[in-house]
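Shown next, in structure tokens, is the structure this report addresses.
The values are calculated or read from the model by the stated rules, or taken from the named source; none is laboratory data. Worth saying up front: this structure is predicted, and the values here are computed from it rather than measured. Note that each Cβ is placed from the backbone with ideal geometry, even for glycine, and that neighbours are counted across all protein chains shown.
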Amino acid sequence: MFIKQISILSTALLCTASLQAFSLGDAASAISTIDSVTNTQKSTQTPSKSETKSGDLIGMLTSQLGVTDTQASGGVGSILSYAQKELPSNDYTTLASAIPNASSLLSMAPKTNNALGALSSLGGSSSSGMAALASQFSSLGLNSSMVSQFVPVILDYLKGSNATGAMSILSGLFK
């Protein structure tokens, strides 16, 4: 990349009609401009299909609930973490497969404190699992009542994706 930048810079200098004093600062400025153009081109490239779909869910949450991307991703990850602990594995697999990049989102869920994590890992106790979920939302700077606002948006996303099985599983988990 650096060689390409130097060659572009050299060509530009050779093509100028008049040679003027040239400093290293001018060269650094030119390279910086080339880098910013290159980075702009990279950032405007079309995301992959799975990134777009996952981004659609995160975009829905940020626009409808006024949360940040980090809060939206962490919130979905926290809900997936809760679902993973509470659901039979085949139900969780159905749900997670309907949400693009579910494993990445799951990894964005804040870690629960040890006491709540231990209680929820005992299984079968959905109240301790809900306490862990509320704690994760709190770690994200969200009120625990936001869980009840995230779920309908995720359900709308699943509905739009024709993932009726996943919709049924998620709505059953939060009835």
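General remarks:
- Close pairs (7 angstrom Cβ cut-off, 6 or more residues apart or separate chains): surrounded by 19 or more Cβ atoms within 10 Å (Cβ to Cβ) and modelled with pLDDT of 80 or more in the stretch 119-142, assigned to a helix (DSSP H, G or I) and among the acidic types (Asp, Glu) anywhere: Gly129/Glu86
- Enumeration of residues in the stretch 141-173 that are touching a Ser or Thr at 6+ places or on another chain (Cβ under 7 Å) and either assigned to a loop (DSSP other than H, G, I, E, B) or not assigned by TED's automatic domain parsing to the domain that holds Ser97 (or both): none
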